[in-house]
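The values are calculated or read from the model by the stated rules, or taken from the named source; none is laboratory data. Given the structure is predicted, the values throughout are model-derived calculations rather than measurements. Because the Cβ atoms are built from the backbone with ideal geometry, glycine has one as well, and the counts that use them run over all protein chains shown. Areas reflect the complete protein model, heavy atoms only, side chains present, ligands, DNA and RNA absent. Shrake-Rupley method; radii C 1.70, N 1.55, O 1.52, S 1.80 Å.
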Amino acid sequence: QEIRVVSPPLNHTALITMAVSVSLNDGLQYSPPAFDPFVYYTQPDFREIEPHLGPRLGETAVMLVGDGFVNLRGRARCRFGSQTVSAFFDDSGAAAVMRCISPPSPIPTWVVVEVALDGQVFSNVKTVKFQYFGEFDVTSVTPAGGPSAGGTTTTVNGVGFFMS
């Protein structure tokens, strides 16, 4: 069974945890609080994705960079265009980031990337994009070598190369 309610606004910038109980008789009696509390958070300022491109077959590990990322019990999701994947909170570095793996794309293309800390309410930033590229292959390298001091101009030939 379920009851659907809409959370009221809370004018606060800090992370606020609220216990959730239910009353079926106009507030005379309440259930014990839910095991998982409701958490109010500020929508993160998501500005960048690293790397910003990967193969159309997916499986590129990406890092979402910005401010305000928080861990909401492992429910975060990344959305690449219309496809969603799990996201993982990582605060092991100087700043907290979100990490996810790009899903496959049927064609080489650019897609908008968004994040939802709660797995449902996605950021509405349409400026962060990820580029899927197609298959490519190296067919030859000329010259075949050069001096160890470097400086040799080398030509790499192949198919499917593009400029990002």
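When only alpha carbons are used to place a centre, the stretch 46-97 and the stretch 116-164 end up 20 Å from one another. Free of any trypsin sites (Lys or Arg not before Pro) that DSSP assigns to a loop and that have at most 13 other C-beta atoms within 10 Å, the longest stretch within the chain is 5-72.
Could you tell me what percent of the accessible area of the chain is made up of carbon and sulfur, with a 1.4 Å probe and every protein chain present? Kindly include the intermediate steps, with their values, before the conclusion.
On the way: 6280 of 11120 Å².
Of all accessible area on the chain, carbon and sulfur atoms account for 57 percent.
Once fully extended, how much extra length lies between Val5 and Phe136, figured as 0.36 nm per residue of separation less the alpha-carbon to alpha-carbon distance? Let's see the in-between values first.
Values: separation 131, 0.36 × 131 = 47.16 nm, distance 5.05 nm.
Gain in length upon complete extension: 42.1 nm.
Label-to-label distance for Leu24 and Glu50 is 5.3 nm, based on points extended 7 Å past Cα in the beta-carbon direction. Looking at the chain, the accessible area is 68 square angstrom per residue; that uses a 1.4 Å probe and ignores ligands, DNA and RNA.
Multiplying each eigenvalue of the alpha-carbon gyration tensor of the stretch 22-123 by 5 and taking the square root yields semi-axes of 33, 16, 11 Å, largest first, rounded to whole angstroms. Largest GNM mean-square fluctuation across Asp36, Asp90, Asp67, computed for the chain with C-alpha springs under 10 Å, falls on Asp36.
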